[in-house]
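Here the structure comes first, spelled out in structure tokens, and everything after it is commentary.
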Amino acid sequence: MEGWIVLSGMALALSMDAFSMSLAVAMKKTKHINRVTTAFIVGFFHMLMPFLGLYGGRLIANSFEKLALITGGCLLLVVGLQMVWGGVKNSDDEGGTVIIPRGIGVVFFSLLVSLDSFSIGITLGILNTSLIKVLLLFGAFSACLTWIGLTIGGRLQHTFGSFGEIFGGMILLFFGLKLIL
């Protein structure tokens, strides 16, 4: 049961990127975005990237066991710090360019918000985590939060999107420290 809770926390943290970007897109009052298709594709990419990372992580884990755990913890710390920094930077920045998830933009949008899932996948591969649990949780959380962000984004203040990214980064920092210590 604890494994599901920890992985759900990680899935939530990683999905905050998709949520905050979806909020940003929706807050720009962009019309004609298919929320269901966008959420599905983001969910797919949040399954694909950790899938690729998991296999890379398992190769690393078989070669260097103790070093692999420390490396995995450091990767979580770096991704968490990047998310926190991005959230703080976005809250200072009123303007900014947002990729609109329409046409081929959906693929770029999905890839952009799921890149951090690759490095987390490496970490989870090092820890020999269940592939099915990771893929189901990461895909479901990111798809749901993307849809929610696109749905309610027009009604919320801009700073909430940055807060979501900062919150997600803090969760990853916590898990990174837990692995290292």
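No value in this document is a laboratory result; all are computed from the given coordinates. Being a predicted model, the structure only gives us computed values, none of them experimental. Positions of Cβ are generated from backbone atoms using ideal geometry, with glycine treated the same way; all protein chains shown enter the neighbour counts.
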Q.
With the crude spin-label approximation of a point 7 Å out along Cα→Cβ, what separation in nm comes out for F174 versus N128?
A. 2.7
Q | Extension gain (nm, one decimal) between L59 and W85, 0.36 nm per residue minus Cα-Cα | A | 6.3 nm
Q) FRET efficiency for V78 and F163, Cβ-Cβ distance as r, R0 = 25 Å, nearest 0.05? A) 0.75
**Q.** Additional length obtainable on full extension of the chain from N34 to A140, 0.36 nm per residue less Cα span
**A.** 36.4 nm
